[in-house]
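Student: Have a look at this one before I ask anything.
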Amino acid sequence: MAKKGGFLLGAVIGGTAAAIAALLLAPKSGKELRDELAAQADDFLDMASDYTDMAKEKSAELTDIAKEKAQDLSQQAGDLAGSVKNKVNHTADDAENESEDILLTLKEQSEDLSQRFKKSADELKKPVNHMNETVKDASEDILIDVKDHAAKAGQTVNEGLDEAKPVAKESKELADMAKEDVKSAKEELKTTLTDGEK
């Protein structure tokens, strides 16, 4: 945007310099030529002001879109972190409970070790397998949550891009209009100066 603003400022300054040069060098003298040049200078200034205002407006729109999407992404990241933390805490609690059950079973079974060794081994396999399943299920849940949140974040970024594209397109169209207006104004000034020399 600064490049286009610099172009517009240069066009206005160039137009003003051309108007002053025309006043000083034109064989046509009098109030009529000065009035025409003053009117054209005012038109240049008005046009530059209008395009500056439009550029600021489009810049503000793009900034608002970026801020909104940044907030959405931040919220989604916070939701994911909370979900993962809850699942990890829940899994840790389940694992702790399972390990307490295992220790209790070991204590009970150790009293009659010689007679119940095989039975103890089989009974220990069940809680250990159950604990392994609990950890596996929690890991799968966490992985699913991470994938879902990543998809949502990608969707949010795509929505932001979709919202920003029309604004960027409008800005380009405004810049093209500004170029055409400056070109027309330049031709008009040139015609005025040429008519003034005749």
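The values are calculated or read from the model by the stated rules, or taken from the named source; none is laboratory data. Just so you know, these numbers come straight off a predicted model, no measurement behind them. Methodologically, a virtual Cβ is constructed for each residue, glycine included, from the backbone with ideal geometry; neighbour enumeration extends over all protein chains shown. Quick note on the areas: whole protein, heavy atoms, side chains included, nothing else; ligands and nucleic acids left out. Shrake-Rupley method; radii C 1.70, N 1.55, O 1.52, S 1.80 Å.
Student: Once you have the Cα-Cα distance between Val146 and Gln71, take 0.36 nm times their residue separation minus that, and quote the gain in nm to one decimal.
Tutor: Numbers: separation 75, 0.36 × 75 = 27.00 nm, distance 1.85 nm.
Additional length available on full extension: 25.1 nm.
Student: List the aspartates and glutamates whose Cα lies under 19 Å from the Cα of Lys126, skipping any in the same chain that are fewer than 8 positions away.
Tutor: Partners found: Asp93, Asp94, Glu96, Glu98, Glu100, Asp101, Glu108, Asp137.
Student: While we're here: Keeping all protein chains in the complex and leaving out DNA, RNA and ligands, what accessible area do you get for Lys67 with a 1.4 Å probe, in Å² to the nearest 10?
Tutor: We get 130 Å² for Lys67.
Student: Taking the Cβ of Asp50 as the center, what net charge do the other residues with Cβ under 12 Å away carry, scoring Lys and Arg +1 and Asp and Glu -1? Mind showing how you got there, number by number?
Tutor: Details: positive: Lys56; negative: Asp43, Asp46, Asp53, Glu57, Asp181.
Surrounding charge for Asp50 is -4.
Student: Also, quick follow-up: Across 10 Å bins from the origin, how do the percents of Cα pairs in the range 29-98 run, short distances first?
Tutor: 16, 17, 15, 14, 12, 9, 7, 6, 4, 2, 0
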